Amino acid sequence: MPIAPKDNFLYGVATSAAQIEGAAWEDGRLDSIWDVFARKKGKIKDRSHPSPGCDHYHLWQKDVENLVWLGVNAYRFSLSWSRLIPLGRGELNPKGVSFYQRLLAALRKNDIRPYVTLYHWDLPQSLEDKGGWTNRDITSWFVEYAHKVDKALGEFIDSYIILNEPLVFTALGYLLGIHAPGRRGLANFLKAMHHALLAQAEAARAIRAQNKQVRLGTSISCVMGYPYRQQEKDLRALARFDALMNRLFVDPVVGRGYPTQELPVLKKAERYFAPQDLEKICFDFDFWGINSYTTKLVKYAWYVPYVHYREIRRDLPRTEMDWEIEPQGIYDLLKKFGSYPEIKEILISENGAAFYDEVIGGKIYDFRRINYLKQHLAMVEKARQEGVPVRGYFVWSLMDNFEWAEGFRMRFGLFYVNYETKERLPKESAWWYRELIRGNT
Ligand code: IFM
């Protein structure tokens with residue numbers, strides 16, 4: 001059963017600046033780490049560059065019209081730090097501010113609540129040149145950015161999402177080097193992880209101090225894991241997987257500390273702690289955003305350093321990203337986080353699927369995406385009926401966009417984007433979501 005709008009449920013869609021805006025060097029914007037990373041050979045699988053994006057910077061009015069057509073009551077998007085403060089520090093760029101003011105005003109006029117992500121992976125390159133997330137000073141850079149943004153835009157914003165998926169940008173960007181800025185090594189990761197948590201809480205406190213109305217949350221990437229066998233070794237492997245994939249950026253924030261029992265390697269981060277850091281990384285968020293796409297089967301593996309587990313491929317349907325489709329995962333995650341007394345409210349801040357989409361006679365028959373969304377929403381509703389405080393659901397994504405290291409070839413959108421003409425076409429899933437929101441499905 002769809003959730004009736006009268007239940008005050010948010011039906012939204014989500015995007016991020018670096019993935020859709022384009023206009024990379026226009027009106028004062030300067031390079032983010034993704035602009036620099038994507039220029040390096042072999043980093044983006046389809047050899048594309050994020051700079052053209054979907055040209056949302058120029059076509060934003062069309063995109064707001066599409067939001068209105070869909071009937072969503074919330075839109076999650078991110079601010080580009082490099083557009084607002086091109087060198088990362090200093091004065092706000094008036095043209096950048098004006099762009100977001102116009103967008104926010106249009107959303108308000110159409111009764112669409114903005115959920116504004118402050119940081120969705122696009123650090124200004126000049127800050128990366130100073131060490132980026134591995135430099136402890138990022139805490140004050142980020143607070144300064146948050147403070148200025150909120151002064152300029154806060155009156156139009158209902159809710160902030162402070163960070164998007166800190167595990168992904170610290171692990172892929174600073175440990176494995178497969179995302180920007182392409183750095184590697186455990187020490188880099190541990191520093192980036194700790195500084196991201198510090199910056200997150202300090203920025204949230206800075207906003208709270210000057211803006212009492214706004215609601216504050218943050219979004220984490222989550223993957224529900226299941227044991228290969230019901231045996232001690234696999235169950236312990238699963239606990240390590242869960243500590244890394246789901247708890248690492250939650251437990252320290254709610255005052256439970258880093259999950260060092262499961263992952264002793266995290267103790268190595270202590271050398272980067274200053275007194276009171278464990279208190280400083282705590283913040284009592286109004287809501288938590290859960291981004292959930294897939295699940296994993298986990299098996300003990302002694303030879304994998306630090307985590308001692310590996311993932312086993314299951315015979316399940318998969319998306320174009322090769323992610324297994326198992327809707328039960330989103331339900332289990334909701335039950336898991338719903339049982340944290342420190343978590344007051346949950347949003348599914350991302351859920352969606354990439355499939356190969358083809359335009360046939362002006363239409364895109366993406367029935368696999370419709371099924372995916374339907375099945376996941378049903379699980380969200382089940383959890384909600386069982387008392388989990390889940391208050392909203394955001395489809396990733398409003399439109400096809402730059403899927404990071406995959407480039408533009410992975411299409412997650414409800415709207416198909418023709419990258420030659422930048423034309424947006426509603427896929428069948430967009431029509432379906434629209435009907436669902438109207439209560440007709
Ligand atoms: O496109 C990304 C988004 O930027 C963060 N969460 C996962 C999505 C799909 O990979």
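Consider a paramagnetic label point 7 Å from the Cα of GLN213 along Cα→Cβ; state which residues of the stretch 144-186 have an amide N under 16 Å from it. Residues passing the 16 Å test: 150-160.
Expressed as a whole percent, the accessible area of the chain that falls on carbon and sulfur atoms is 51 (1.4 Å probe). Cross-link partners of LYS374 among lysines, defined as those whose alpha carbon lies under 27 angstrom from its own and excluding same-chain residues fewer than eight positions apart: LYS6, LYS62, LYS296, LYS335, LYS336, LYS344, LYS363, LYS382, LYS427. Using a probe of 1.4 angstrom and keeping all protein chains present, the accessible surface of the chain works out to 39 square angstrom per residue. Tally the DSSP beta bridges in the stretch 66-207 and give the antiparallel ones as a percent, rounded to 5. Here the antiparallel bridges make up roughly 10 percent for the stretch 66-207.
Under the combined filter of DSSP loop state and at most 10 neighbouring Cβ atoms within 10 Å, the stretch 288-368 retains these trypsin sites (Lys or Arg not before Pro): ARG313. Rounded, prolate or oblate for the chain? Axes are the square roots of the Cα gyration tensor eigenvalues, ordered a ≥ b ≥ c, and the cut-off for rounded is a/c under 1.5. Verdict is rounded for the chain. Using the rule -39500 (n - 2.57) for each DSSP H run of four or more residues, divided by the residues of the chain, the 222 nm mean residue ellipticity is -10500 deg cm²/dmol.
When the chain is treated as a GNM with alpha-carbon contacts under 10 Å, the residue of SER32, SER48, SER80 showing the greatest mean-square fluctuation is SER48. Taking each residue as 0.36 nm, the span from ARG236 to LYS40 lengthens on full extension beyond its C-alpha to C-alpha distance by 66.6 nm. Annotation for GLU342 and ASN371: the two label points, set 7 Å from Cα along the Cα-Cβ direction, are 4.0 nm apart. Ordering 404-417, 100-113, 211-224 by mean Cβ neighbour count within 10 Å, with the highest value first, yields 404-417, 211-224, 100-113. Close lysine pairs were tallied over the stretch 147-290: pairs 8 or more places apart or on different chains with Cα atoms under 22 Å apart number 9.
Charge dipole of the chain (Cα centre as origin; +1 on each Lys and Arg Cβ, -1 on each Asp and Glu Cβ, all else neutral): 580 debye, rounded to the nearest 20.
Of all DSSP-defined beta bridges confined to the chain, some 20% are antiparallel rather than parallel.
The values are calculated or read from the model by the stated rules, or taken from the named source; none is laboratory data. Just so we're clear, the structure is a prediction, and the values are computed from it rather than from any experiment. Cβ atoms come from the backbone with ideal geometry, glycine included; neighbour counts cover every protein chain shown. Only protein heavy atoms, including side chains, enter the accessible area calculation; ligands, DNA and RNA are left aside. Shrake-Rupley method; radii C 1.70, N 1.55, O 1.52, S 1.80 Å.
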